[in-house]
Structure formats: C-alpha cells, structure tokens
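Each remark here refers to the structure printed beneath this line.
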Amino acid sequence: MKVPRLAFGKKKACAGVSECPSAENIKPSIQEIDLDLLQRQQELDGINDETRSNWEMIRSFLVCGAAFFADAYLMFSSNIIIMIMGYVYYNDAEGAARNVVPNKWSTLVKVAVQVGCLLGQLILGRLGDKFGRTGVFAMGAILVIISTVGASFSSSTVRGFNVFIFLFIWLVFVGIGVGGDYPLAATITSEYANVKSRGKMMSAVFACQGFGNLAASIVAIVVLACFKSAIREDVFMLDYVWRICLGFGAIPGGITLYWRLTMPESKSFQAEANKRAAAEAEEEAGALPDTENEMLLIKNNNLQTPRDEQLAESSRNASNLGALVNDKYAGSINHIAENADATEQPTKTARLETFGQYFGQWKNMKVLLGTSLAWFVVDVAFYGINLNSSVVISAIGFSGDVQSGDPYDVLTRNCLGNIIINVLGSVPGYWISVFTIEKLGRKWIQLMGFAALTVLYVVIGFAYHKILDASNVAFIVLFTLAQLFQNFGPNVTCFVWPGEVFPTRFKATAHGISAAAGKLGAIVAQAGLMTLKDRGGPNEFIPHLIEIFALFTLVGFFVTFWIPESKGKTIEEITGETD
C-alpha cells in the first residue's frame with residue numbers, strides 16, 4: 001500500500017477545495033495503514049506460533065518416545081537377564097535345576113519393575129498434576145538412570161541378602177521412574193498435540209515400546225558375540241554380560257535428560273494452573289468487592305498472555321503513529337486495539353470440582369473404571385506371555401538345551417526367537433494402530449482387539465498340544481496373531497484413552513490410576529498365574545493359563561463400552577467441561 005508523503009517547506013496552493021486533503025480524507029488512510037500493519041503483524045505472529053507449536057510437538061514426541069524405548073528395554077530385558085544369571089549362579093546345580101534360576105528368585109526379579117511401576121504411576125502421576133508434568137518427568141529420568149546403574153552392580157553379601165534381593169530393590173526404584181513415564185508422557189504428548197493428530201502422536205510414543213523390546217534382544221546378542229570365545233572358555237564371564245545388558249538401559253535416559261529438564265509446560269496445563277490459582281485467590285479474597293477481586297486475580301496469577309502484550313504494543317504504536325497526524329485520529333485507532341484487548345480480559349473464576357467430587361459422579365467414575373479394568377485385563381495376558389517368552393520359545397523348540405547345551409548358542413537362540421516373535425506380530429501391531437487410530441477410532445480398535453484375542457486364546461488354549469503336535473508353524477502363526485492384536489488393539493488404546501477422556505487438572509492422576517491397574521494385572525499374571533505353569537509337569541499348565549487369559553480379555557471387551565469415543569474431540573467436548 002502506498003503511504004502518503006508528508007510535504008515540508010513551501011506549500012503548493014490548492015486548485016480547489018476538493019483537491020485539498022482534509023482531516024476526513026487523511027483519517028481513513030492512517031487507520032487503514034495501521035490496521036494493515038497490525039494484521040500483517042498478527043499473521044507473522046501466527047506463523048511463528050504455529051512453527052513453535054509444531055517444534056514443541058515434535059520434541060515432545062522424541063523425548064517421550066525415547067522414554068518409552070528405555071522403559072520397554074528395562075522391563076523386557078529382565079527375562080533375558082534371568083536366563084543369563086542362571087548360568088552364572090546355578091552352574092553347579094544338578095539335574096533340571098542346572099543353569100536355571102529357581103522360580104522364587106526369577107519371579108522376584110521379574111515383578112520388581114512392575115511393583116515399582118505401580119507405585120510410580122500413582123505417585124508421580126499425582127505429582128504431575130500438582131507440580132507440573134515436565135519437572136516430575138525429568139525427576140523420573142534421573143531416578144531411572146541412577147537405579148539402573150546401581151542394579152547393574154548388584155552382588156551378594158557374605159551373609160544376608162543375595163544378588164537377587166539387591167537386584168529386586170534396585171529394580172523397584174527403576175520401576176518407580178519407569179512408571180512415572182506412563183501418565184506423564186501420555187499427558188505431555190496429549191497436551192502438545194492438536195486434536196486431529198493427538199491419538200496418532202500418543203500411540204506413536206507408545207509404539208516405541210516395541211523397539212525397546214527388540215533392542216533388549218539385539219543388545220544381548222551383540223554383547224554375547226563380544227564375549228563369545230570368553231564364555232566358551234569360562235561360563236562365568238556371563239556375569240559381565242548381564243550387567244552390561246542391564247546397564248545399557250540407562251543410556252537413552254541420559255541422552256534425553258537435558259531435553260526433559262528444559263521442556264516447558266504445555267499451554268493447557270499453564271491455563272489450568274492459572275485457573276486453579278485464580279479460584280484459590282478468590283476464596284482467600286472472598287470478602288472483597290468484585291472489582292477488587294478481579295484486580296487481585298490479575299495481579300496474583302499473571303494472566304497476561306503474549307497476545308495481550310502484542311496488542312498493548314500495537315496500541316502504543318498506533319498512538320505514536322496517530323500523534324503524527326492528529327490526536328483525534330489516534331484516539332480512533334486506540335479504540336480498535338482496546339476493543340481487541342477487552343475481549344481477552346479475565347472473568348470471575350468458578351469454583352473447581354475436587355477429584356472426589358468429580359469422580360463421585362457415576363458418569364465420570366465409570367470412565368475411570370473402564371480405563372482401569374480394561375488395562376488390568378489386557379496386561380494379565382500381555383505380561384503373562386511376554387515376560388515368559390522363553391517358555392513359549394522353548395515350547396516351539398527354539399531355545400536349545402539349557403542344562404547341557406552350549407551357553408552362547410542357547411542364549412543367542414532365545415534372543416533370536418524373541419526378535420522373530422516381535423517382528424512378526426508385536427511391532428507391526430503397534431504401527432498399524434498408529435496409522436489407523438484417527439480413522440477407526442479408539443473404541444473400535446479396542447473392541448476388535450479384545451474380541452480377536454478372546455478367540456485366539458480359546459483356540460490356542462484348548463487345542464494347545466494338538467496344534468504343537470501337528471505343526472510348529474501353525475502355533476507360531478497363532479501366537480504371532482495374538483501379539484498383533486494385543487498391540488493393534490487394547491495394549492495401545494489403553495495407553496491413549498486415559499490421556500484424552502479426563503480433565504486437565506486430573507489427567508495425570510487418572511492416567512496413573514489406570515496404568516497402575518494394568519501393572520497390577522502384570523503382577524497378578526507373573527507372581528500369581530504364571531507360577532502355576534509347571535503344575536502337573538514342566539510347562540503342563542500353560543494351556544490352561546491361556547484359557548484363563550481368554551476369560552480376562554472377554555471381560556475387557558464389555559468394560560470398553562463404559563469409555564466414550566475421543567476421536568476428533570477436544571477435552572472439553574469429551575468431559576463436558578468448558579473454560
């Protein structure tokens with residue numbers, strides 16, 4: 001737009017009144033110039049805000065994804081570590097007990113991370129709502145790093161605790177940090193993502209768990225290969241192997257620690273914190289007149305946003321520009337900026353419901369029960385199978401002879417078996433969910449997954465020996481399909497859904513409760529059901545355990561109906577709350 005030039009010095013006489021610029025002719029031009037500048041400024045600010053928002057979303061995905069990679073590595077490496085420790089600490093046992101960690105100690109180590117996770121999900125989830133997600137998220141990473149290093153140096157005392165007890169203690173602390181990642185990573189990703197890509201981003205973060213599971217086996221194979229000749233000369237060299245494999249779990253957390261420490265809180269959490277502080281300020285200043293209350297809220301909560309500052313700056317610029325022409329015109333321009341600014345003035349804040357008041361209503365409680373029970377039942381099956389993958393691999397003849405076989409060959413074959421199972425079913429299932437969750441919706445995927453798992457577990461459980469006798473390939477196909485529908489199904493949606501269906505002020509707490517119910521299911525599976533696997537003989541009770549898993553997944557199918565579909569909806573639309 002062409003800006004009128006201000007003439008100085010000698011003035012040219014006007015040919016007529018119509019040719020002379022009047023105040024009325026100048027006023028619209030100046031206003032038009034200022035509005036155009038203001039509009040362009042806002043467009044540039046919008047581009048900058050969008051770019052910043054996209055970067056923050058990508059950063060949250062990378063940091064939270066790395067957290068789940070490390071968490072899965074630590075959770076699923078326990079199965080491999082226990083196998084290696086059998087050669088180190090029970091090499092001199094006799095018969096079937098040779099090179100095998102007794103059930104009481106293997107169970108203790110396997111449930112250690114799960115127990116810690118349960119505690120971390122409840123405690124760190126609540127702290128995340130109270131003090132902020134990112135600070136508690138970083139604190140969890142520090143705890144995981146320190147505890148993982150400590151666990152890798154576990155050893156027996158001359159009298160008293162043996163290596164398994166010390167390992168259990170350290171792994172519980174590892175689990176607390178890992179458990180905190182569930183509610184905090186979910187809420188951080190949910191709050192940074194936009195509505196259209198929220199489910200995809202959250203499921204992609206969770207899908208990094210599949211790569212962590214793979215990495216546990218890959219790292220073990222690499223470390224075993226490095227010690228191959230040493231192991232064949234001296235089996236006790238495996239003592240280095242399990243410690244290195246475990247200690248590797250601290251590396252991803254160390255790499256991303258800086259970004260965890262510097263990650264800002266999401267805008268929705270900041271707004272919720274301001275709202276909460278405003279409500280508290282109103283309660284404290286309840287005796288003051290309304291106008292004084294509003295001024296106190298503005299002062300205490302620092303509610304001015306960057307947009308308010310930009311509008312105020314635009315108002316000052318408009319005043320300066322208008323003063324060059326006429327004070328009268330500047331007043332008109334200021335009026336425009338004041339109107340825009342007035343639309344964002346804070347209003348009196350309503351009293352917020354407490355956790356007990358909100359979930360005291362059945363319509364809200366049934367959602368929490370739905371997310372919690374669904375996660376509980378799927379983890380009974382998920383961890384019951386995955387934490388004992390060596391049993392399944394042994395059943396299909398891929399493990400070798402633990403008692404008399406070459407330790408390097410036996411351990412390597414077990415790790416390869418884990419990789420094959422995960423590549424065929426588990427990892428693809430995660431990523432199918434990532435690319436379909438925004439199209440199919442959470443409820444459809446979860447219902448389909450639970451239904452498929454129920455059918456598969458019934459077939460595998462009741463025809464277990466017949467299938468194995470007929471074809472190992474058929475058994476592998478069915479087991480792979482079960483892995484596929486766990487992840488292209490409830491294992492992913494149980495993580496995503498609680499991060500969407502609860503209000504911001506309770507989101508981390510409610511997600512933590514749901515996740516803790518899942519870890520309770522993992523503990524029930526590992527410390528309860530799976531201890532029965534050798535009832536009647538080695539691995540003889542596994543078919544009946546799989547039948548029990550089918551019953552759990554059937555329950556999960558029905559409780560899914562308690563949870564509202566969240567696809568394409570804002571938190572306010574899902575919860576029925578408005579700002």
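The values are calculated or read from the model by the stated rules, or taken from the named source; none is laboratory data. Because the structure is predicted, anything quoted here is derived from the model rather than measured. Cβ sites come from the backbone with ideal geometry, for glycine too, and all protein chains shown count toward neighbours. Accessible surface areas use protein heavy atoms only, side chains included; no ligands, DNA or RNA. Shrake-Rupley method; radii C 1.70, N 1.55, O 1.52, S 1.80 Å.
The table for this structure:
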{"quantity": "D409, sole failed condition from (1) touching a helix residue (DSSP H, G or I) at 6+ places or on another chain (Cβ under 8 Å); (2) in a helix (DSSP H, G or I); (3) open to solvent by 50 Å² or more (accessible area, probe 1.4 Å); (4) under 23 Å from A93 (Cα atoms)", "calculated": "(1)"}
{"quantity": "Test: C245 is in contact (Cβ under 8 Å) with a residue 40 or more places away in the chain and either within 25 Å of Y408 (Cβ to Cβ) or open to solvent by 20 Å² or more (accessible area, probe 1.4 Å) (or both)", "calculated": "yes"}
{"quantity": "Qualifying position, being among the hydrophobic types (A, V, I, L, M, F, W, C), under 24 Å from the mean Cα position of the chain (by Cα) and open to solvent by less than 20 Å² (accessible area, probe 1.4 Å), among V115, V144", "calculated": "V144"}
{"quantity": "Selection count where residues are at pLDDT 80 or above and under 16 Å from L481 (Cα atoms), scope region 382-420", "calculated": "5"}
{"quantity": "Candidate set from region 160-175 (those that are crowded, with 24+ Cβ neighbours inside 10 Å and touching a residue at least 60 places away in the same chain (Cβ under 8 Å)); member that is nearest to L118 (Cα to Cα)", "calculated": "G175"}
{"quantity": "The one condition in (1) within 20 Å of W497 (Cβ to Cβ); (2) open to solvent by 10 Å² or more (accessible area, probe 1.4 Å); (3) among the basic types (K, R) that R133 fails to fulfil", "calculated": "(2)"}
{"quantity": "For S156: the one exception among (1) open to solvent by less than 10 Å² (accessible area, probe 1.4 Å); (2) in a loop (DSSP other than H, G, I, E, B); (3) not aliphatic (A, V, I, L, M)", "calculated": "(1)"}
{"quantity": "All positions within region 479-501 that are in contact (Cβ under 8 Å) with a residue 60 or more places away in the chain and hydroxyl-bearing (S, T, Y)", "calculated": "T493"}
{"quantity": "Subset of region 178-231 [of a type in the set (S, T, Y), surrounded by fewer than 23 Cβ atoms within 10 Å (Cβ to Cβ) and part of a helix (DSSP H, G or I)]", "calculated": "S229"}
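Condition check ((1) within 22 Å of the chain's Cα centre (by Cα); (2) more than 30 Å from D234 (Cα to Cα)) across all residues:
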| site | (1), (2) |
| --- | --- |
| Q403 | no, no |
| P407 | no, no |
| L411 | no, no |
| G417 | no, no |
| G425 | yes, yes |
| G429 | yes, yes |
| K439 | yes, yes |
| L447 | yes, yes |
| I460 | no, yes |
